[in-house]
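Below is one structure, written out as structure tokens; comments come after it.
The values are calculated or read from the model by the stated rules, or taken from the named source; none is laboratory data. These figures come from a predicted structure and were not determined experimentally. Here Cβ is always computed from backbone atoms with ideal geometry, including for glycine, and neighbour counts include all displayed protein chains. SASA here: full protein model, heavy atoms, side chains in, ligands and nucleic acids out. Shrake-Rupley method; radii C 1.70, N 1.55, O 1.52, S 1.80 Å.
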Amino acid sequence: MLYGLIVFLPLIGAILAGLFGRWLGDRGSHIVTCGLVTASALLSVPAFWFVAIQGNTQIVELFPWIISGELEASWALRVDQLTAVMLVVVTSVSAVVHWYSIGYMHDDPHQPRFFAYLSLFTFAMLALVTADNFIQMFFGWEGVGLCSYLLIGFWYHKPSANAAAIKAFIVNRVGDFGFALGICAVFFVFQSVEFDAVFEAVPRFVDTEIEFLGTHLDTLTVITILLFIGAMGKSAQIGLHTWLPDAMEGPTPVSALIHAATMVTAGVFMVARLSPMFEYAEFTLMLVTIVGALTAIMAATIGLVQNDIKRVIAYSTCSQLGYMFFACGVSAYQAGVFHLFTHAFFKALLFLGAGSVIHAFSGEQDMRRMGGVWRMIPMTYALMWIGSLALGGIPLFAGFYSKDIVLEAAWGAHSGVGQLAFVLGIMAAGLTAFYSWRLLFMTFHGHSRASHEVLHHVHESPPVMIVPLLFLAAGAVFAGMLFAPLFVGDNHGFWGDSIFVLASHTALEEAHHAPLWVKLLPLVVAVTGIGTAYWMYIARPELPARLAEQHRELYRFFLNKWYWDELYDILFVRSARAIGTFFWKKGDEATIDGYGPNGVASRVLDIARRAARLQTGYVYHYAFVMLIGVVAFVTWYLFIVGM
């Protein structure tokens, strides 16, 4: 009963606000959705204690769901240690976002719809993390995709928001197609979609082959790569990441919910959940490591030069997801999930703090039009500092514990791809510190670049927005030091059977014995990045423009996001538009309509016009036509008789 309430209370809130929002009104919708999601968050705490701390894994079967021939799938709630951690993360961050949205969206005329979407999003994510089989996971997977489309395009009167929503939906469909193929392959090979049945059978299929695309390939490698493609799309990894920065077109609370604890972390959760499969697919693990490392450094370089405050934080999310994936790639799933856990708090804090800044600047998001306001909004300023210290990996803050163990695990893998991930991760850590403090200095320090009218209205956010940030700030400070011994300590017993690691994969164990220079290097590069940002944006504010001019091509390469959008435009968008235009003009209009409805109508009109010309009103014209008719009739009669 407890676990069912955790999952379905947000759904009840979504239904009430969505269907009865006109009668409930704004205040009623706030009470229903925020109250039920908060109740779900509160219930997650005893569930975490009972399941994760005391080690009582629960599988609660609710009802039979799909029965079709050999395919059988029940709707069951799988609540083990991994799920319990995700329940706390998802429900707590979602509850904070709900309460924060009351203040942020107070002027919006469609608040019941917005809160219904938020609660539906939360339910879909909870359905995903409590799934006991692949079909149920896919249901939650597609649910968060649908809700992200609705939330990103919430302000549908903005063409940019509509375009961003469609882009997110289509790019995710690419990854989801791979995920769907992977699920089909799982059923084809294992004759089941239940996690326990599949995981138990996995060792028997090691070193077996399956025919795929006309070639015989390793069975587990094919399946796990297809599943990982789904994770790449949902978690915005390199190549399928282009939707994530554009998702900033949605309201800021949406950005916090999507990019902190829910949708983008679904891919990381999926890889950790399926660790019993990935552990036997060495090539896939290597691929996961490389993709994660490249994503971390790519997104960090792009974040260096972005000017939209939300886009900087969005690329930071993309980069941190890369860390989580290469941790999973070196079989340190515990470290990846730990970073997911801490990241949810400080990244939600940064996004909602950015929303507080945007609220203070009357909707302005360009950091080049900010500055010089730290004394005017001191609470927001202090909270943004806490979030940035956690993101930068400064000691005693949450990111220090989780990011360092990820980097140490990459070093501890003692493999080529592990060393690649370690080097790129260290570089990304320095860049992360730089662009985080660049954001702080451009937003709050220096002389004000805002107009006098905007500056006159700069004010601190109301308590309904600040209090939720205080909760997230507490997580950004204490989540690392409190849970590091439990999640990634020397005793790995916390995770139980929810995460499986082969005995030969010792990266996390080796991380605890890393030399001092490995442990200190992330801190050194972080402090260097902070110092460089201070030098360039406080001490020598003219320097960034000069460097951008001197290294114009590199600057434009980063500013234009490695030209991924332009590349896809050339490869896919233009060709698809050309094909569509051809079928529209030549196929639909010229052929189908030309010879079909439009053609028939045109011929009828043409014949009618010609017949109308005969109606002149002159008797001799009619006599002439009658004479022609008689001649034609006689000719036809003689021809028939003659035959």
Practice problem: On the full set of protein chains, 1.4 Å probe, figure out the accessible area of Met481 and give it in Å² to the nearest 10. | Solution: 70
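Across segment 458-524, how large is the tail of the calculated P(r) beyond 18 Å, expressed as a percent of all Cα pairs?
On the way: 1353 of 2211 pairs.
Pairs farther apart than 18 Å: 61 percent.
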Quiz item: Which of the GluC sites (Glu not before Pro) found in segment 31-106 are in a DSSP loop and have at most 15 neighbouring Cβ atoms, other than their own, within 10 Å?
Solution: Glu70
Quiz prompt | Debye log10 I(q)/I(0) at q = 0.27, 0.28, 0.34 Å⁻¹ for segment 310-349, Cα point scatterers | solution = -0.85, -0.89, -1.08
Quiz item: Spin-label point model (7 Å from Cα, Cβ direction): what's the Tyr595 to Glu282 distance in nm?
Solution: 6.0
Practice problem: Express in Å², to the nearest 10, the accessible area of Trp564 obtained by rolling a 1.4 Å probe over the protein heavy atoms while all chains stay in place. | Solution: 50
Quiz item: Put Ile377, Ile386 in order of accessible area, largest first, 1.4 Å probe: what do you get?
Solution: Ile386, Ile377
Quiz item: At a Förster distance of 25 Å, what's the computed FRET efficiency of Cys184 paired with Asp588, Cβ-Cβ distance as r, to 0.05?
Solution: 0.15
Quiz item: Semi-axes of the equivalent ellipsoid of segment 165-211: what are they in whole Å, largest first, if each equals the square root of 5 times a C-alpha gyration tensor eigenvalue?
Solution: 28, 12, 8
Quiz item: For segment 535-626, which whole-number percentage of the solvent-accessible area (1.4 Å probe, protein heavy atoms only) is attributable to carbon and sulfur atoms?
Solution: 67
Quiz item: If each of Arg552 and Ala197 carries a label point 7 Å out from its Cα toward its Cβ, how far apart are those two points in nm?
Solution: 6.4
Quiz item: Give me the Kirkwood hydrodynamic radius of segment 81-145 in Å, from all C-alpha pairs, to one decimal place?
Solution: 12.7
Quiz item: Using the heavy atoms of the protein chains alone and a 1.4 angstrom probe, what is the accessible area of the chain per residue in square angstrom?
Solution: 42
Self-check item: Normalised alpha carbon radius of gyration of segment 268-410 [divisor 2.2 N^0.38 Å]
Solution: 1.16
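Ordering Trp411, Trp141 by how much accessible area each has at a 1.4 Å probe, largest first, what is the list? All intermediate terms of the calculation are to be shown ahead of the outcome.
Values: Trp411 40, Trp141 0 Å².
Reading off the accessible areas and sorting them downward yields Trp411, Trp141.
Kindly give the semi-axes, whole Å and largest first, of the ellipsoid equivalent to segment 228-300, taking each as the square root of 5 times a Cα gyration tensor eigenvalue. List each step's numbers first, then the result.
Details: eigenvalues 119, 40, 13 Å².
For segment 228-300, the semi-axes come out at 24, 14, 8 Å.
Using the Cα centre of segment 178-330 as the reference point, and only Cβ charges (+1 on K/R, -1 on D/E), how large is the resulting charge dipole? Debye, rounded to the nearest 20.
Roughly 540 debye, rounded to the nearest 20.
Using a 1.4 Å probe on the protein chains only, how many percent of the accessible area of segment 333-491 belongs to carbon and sulfur?
Working: 3620 of 5160 Å².
Of the solvent-accessible surface of segment 333-491, carbon and sulfur hold 70 percent.
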Quiz item: What size of dipole, in debye to the nearest 20, comes out for the chain about its Cα centre when the only charges are +1 on Lys and Arg C-beta atoms and -1 on Asp and Glu C-beta atoms?
Solution: 2360
Quiz prompt | Debye intensity ratio I(q)/I(0), log10, the chain, q values 0.07, 0.09 Å⁻¹ (C-alpha model) | solution = -0.48, -0.73
Self-check item: Theoretical gain in end-to-end length, Lys158 to Ala578 [0.36 nm per residue, Cα-Cα removed]
Solution: 148.6 nm
Quiz item: Got a number for the accessible area of Trp49? Probe 1.4 Å, square angstrom, nearest 10.
Solution: 140
Quiz item: If you rank Leu383, Leu36 by how much accessible surface each has, with a 1.4 Å probe, what is the order from largest down?
Solution: Leu36, Leu383
Practice problem: Determine by what factor the alpha-carbon radius of gyration of segment 1-107 differs from 2.2 N^0.38 Å, reporting the quotient. | Solution: 1.26
Quiz item: Could you name the aspartates and glutamates in cross-link range of Lys403, using Cα to Cα under 20 Å and dropping any fewer than eight places away on the same chain?
Solution: Asp490, Glu509, Glu510
Practice problem: Show which lysines lie in cross-link reach of Lys585 when reach means a straight Cα distance below 27 angstrom and same-chain residues fewer than eight apart are skipped. | Solution: Lys167
